[in-house]
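The values are calculated or read from the model by the stated rules, or taken from the named source; none is laboratory data. From a predicted model like this one, the values you see are computed outputs, not experimental measurements. Because the Cβ atoms are built from the backbone with ideal geometry, glycine has one as well, and the counts that use them run over all protein chains shown. We work out accessible area using only protein heavy atoms, side chains counted, and drop any ligands, DNA or RNA first. Shrake-Rupley method; radii C 1.70, N 1.55, O 1.52, S 1.80 Å.
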Amino acid sequence: TPLFIISGYAQNLKEDVNSEKREHYCDKIIERTNEVNELVHKMLDFSRLERLDSNIEKKPVDLYLLVKEISDKFSDSKNSNEIIVNKKGDSTITGNRELLSRALTNLFENAIRYSDENTPVIIEIDNSAISFSNTCSTITQEDIKHLTQPYYRGEKNRQSKGNGLGLSIVKSIAQLHNSTLDISLKDNVITFTIRFSK
């Protein structure tokens, strides 16, 4: 666990006076602390979402504009994946903008984190659905069955960053909008689709 690893690096830092190793230990402690911080925030989010019901405040939300806003935050991140956004007709749905922003941010993070290098992330939007597709050669059909379970991570992705809560949160937010999260896998391309109720 991140806390166990932090403890180990802190012990090494205490015992090792080599300046180069000290810097390495400090970097790792900061990195793992950030992971714990992200995990705690997502645990709190997930817990809060479970206490909400579908009577959340909903207003017209332009999914295309929301996606562009979120994608701008990822444009400076160091990744090799081009983000392609396709809009078909009207992209306005009725929903809670704050919660939808959280769900789409999680889908962005998931797509970029688990995409094969130099492959695109493709986002399709209309007034009834939004989908994120990316190439992921490490995912299996068996994984698909469990991806929205809290804390689940595919066998081949256990060494990568992530806490297994992002997609659980997306599913909860979809349900709060009386909508569904569908997941499909074909030729190593995984697609996450939120289908909104009319």
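Given the criterion farther than 17 Å from Asn178 by Cα and surrounded by fewer than 17 Cβ atoms within 10 Å (Cβ to Cβ), identify the matching residue among Asn118, Asn106.
Working: Asn106 fails: surrounded by fewer than 17 Cβ atoms within 10 Å (Cβ to Cβ).
Asn118 is the lone residue from the list that is farther than 17 Å from Asn178 by Cα and surrounded by fewer than 17 Cβ atoms within 10 Å (Cβ to Cβ).
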Within the bounds of segment 35-50, is there any residue that is under 16 Å from Ala174 (Cβ atoms) and loosely packed, with under 15 Cβ neighbours inside 10 Å?
yes
Any pair with Cβ under 8 angstrom, 6 or more apart, that starts in segment 102-124 at a residue that is more than 21 Å from Arg195 (Cα to Cα) and ends at one that is open to solvent by 30 Å² or more (accessible area, probe 1.4 Å) and in a helix (DSSP H, G or I)
Ile112/Phe74
Restricting to segment 165-178, name every residue that is among the polar types (S, T, N, Q) and either open to solvent by 10 Å² or more (accessible area, probe 1.4 Å) or touching a Gly at 6+ places or on another chain (Cβ under 7 Å) (or both).
Ser172, Gln175, Asn178
For Ser131, are the conditions met, namely being over 17 Å from Lys58 (Cβ atoms) and either part of a helix (DSSP H, G or I) or touching a residue at least 12 places away in the same chain (Cβ under 8 Å) (or both)?
yes
